[in-house]
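The values are calculated or read from the model by the stated rules, or taken from the named source; none is laboratory data. Nothing here was measured: the structure is a model prediction, and the numbers come from that model. Positions of Cβ are generated from backbone atoms using ideal geometry, with glycine treated the same way; all protein chains shown enter the neighbour counts. Calculation scope for accessible area: heavy atoms of the full protein, side chains included, ligands and nucleic acids excluded. Shrake-Rupley method; radii C 1.70, N 1.55, O 1.52, S 1.80 Å.
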Amino acid sequence: DVSSPKHGKVDPDNMPHVGGNTWAGGTGGRDTAGLGGKGGPYRLDAGHRVYQISQAEKDAVPEEVKRAAREMGEKAFKQRLKEIQMSEYDASTYERFSAAVRRQVQSLRIILDNLQ
């Protein structure tokens, strides 16, 4: 069961973590920032294969935990904007321009990776 969202511990060796309730950047777990899990405050990709839990498990997360996770994610987002000296308006404008060229950038990355 989920209890409360948190960032989680950072693994200094960046080992892959699947399931559980401990590590930041893990996959398929609960309560911590990561991918493919439930109840975490925000997505955090540590570069490992993603293990996805079922949508039914995600839907079963209590509303108060979802609300706490959203609030924590919003706070982290605002903190990150402050760190990079970007306003919410700047972030919105960046996202609008970025979204317009996202496919082309991804295609270019694939081409460049293949050339390397």
Condition check for D1: open to solvent by 50 Å² or more (accessible area, probe 1.4 Å) and without any contact (Cβ under 8 Å) to a residue 24 or more places away in the chain
no
Output the residue which, of all residues in the range 4-52 that are surrounded by 17 or more Cβ atoms within 10 Å (Cβ to Cβ) and hydrophobic (A, V, I, L, M, F, W, C), is farthest from F77 (Cα to Cα).
W23
